[in-house]
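Below is one structure, written out as structure tokens; comments come after it.
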Amino acid sequence: MKTRLTAFAAVLALASPVLAVDTYEFDRSHTTVGFQVRHIFTMLGGKFQDFTGTIRVDRAKPESSSVEFTIQAASVFTNDQKRDDHLRTADFFDVANHPTITFRSTSVKPAAGNVYDVAGNLTLRGVTKQVTLPVTFLGEGKSRRGAL
């Protein structure tokens, strides 16, 4: 009996770091995947309306946290149908050949205050590049339905 209890305690000790990680799925009704680019003499904003993503948060070791997301490139929206149709062509996103845009983090580093530098691999049009995204933690709490 003592051997089983010791083995169980060892397994629990090894599993405890995994248990400390919280996993969150992107909630489209509370998440925006947007962009802003210079267009002639103004800044043009847009967003993607179809995406999924997961954030794994390790509060004890924030540098062990991670994020990954997938965007359906055809869901680009700039509030101008002709421009959106053009963005879907081979001139820009080439959604016929590259339907998704993906990001997978490789590191999370505290920057200043509630800001973290999230580095990772961004794949766009079949080309993967290392990028660093500044991410600001805005807080957390329970929703009206009790979810965290």
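The values are calculated or read from the model by the stated rules, or taken from the named source; none is laboratory data. Bear in mind that the values here come from a model prediction, so they are computed numbers and not experimental data. In this analysis, Cβ positions are derived from the backbone assuming ideal geometry, glycine residues included, and neighbour counts consider all displayed protein chains.
Quick look at the numbers
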{"read-out": "Selection count, the stretch 92-102, where residues are surrounded by 15 or more Cβ atoms within 10 Å (Cβ to Cβ) and either out of contact with any strand residue (DSSP E or B) (no Cβ under 9 Å at 6 or more places or on another chain) or within 15 Å of PRO62 (Cβ to Cβ) (or both)", "value": "1"}
{"read-out": "Test: VAL37 is over 15 Å from the mean Cα position of the chain (by Cα) and either among the β-branched types (Val, Ile, Thr) or in a helix (DSSP H, G or I) (or both)", "value": "yes"}
{"read-out": "Of the criteria (1) in contact (Cβ under 8 Å) with a residue 24 or more places away in the chain; (2) more than 30 Å from LYS61 (Cα to Cα); (3) not charged (D, E, K, R), which one SER105 fails", "value": "(2)"}
{"read-out": "Qualifying residue in the stretch 42-51 (condition: farther than 22 Å from VAL135 by Cα and either assigned to a loop (DSSP other than H, G, I, E, B) or more than 17 Å from the chain's Cα centre (by Cα) (or both))", "value": "yes"}
{"read-out": "Number of the condition not met by GLY141 [criteria: (1) of a type outside the set (Phe, Trp, Tyr); (2) closer than 19 Å to TYR24 by Cα; (3) surrounded by fewer than 12 Cβ atoms within 10 Å (Cβ to Cβ); (4) modelled with pLDDT of 95 or more]", "value": "(4)"}
{"read-out": "ALA60 modelled with pLDDT under 95 and of a type in the set (Gly, Ala, Ser)", "value": "yes"}
{"read-out": "Qualifying position, being free of Cβ contacts under 8 Å to residues at least 60 places away in the same chain, in contact with a strand residue (DSSP E or B) (Cβ under 8 Å, 6 or more places away or on another chain) and of a type in the set (D, E, K, R), among ASP58, ASP80", "value": "ASP58"}
{"read-out": "Single residue of the stretch 110-135 satisfying the filter (under 19 Å from SER64 (Cβ atoms), modelled with pLDDT under 95 and over 12 Å from the mean Cα position of the chain (by Cα)) that is surrounded by the most Cβ atoms within 10 Å (Cβ to Cβ)", "value": "TYR116"}
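Condition check ((1) of a type outside the set (Ser, Thr, Tyr); (2) over 22 Å from PHE137 (Cα atoms)) across all residues:
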residue: GLU25; (1), (2): yes, no
residue: GLN36; (1), (2): yes, no
residue: THR42; (1), (2): no, yes
residue: VAL67; (1), (2): yes, no
residue: GLN72; (1), (2): yes, yes
residue: THR106; (1), (2): no, no
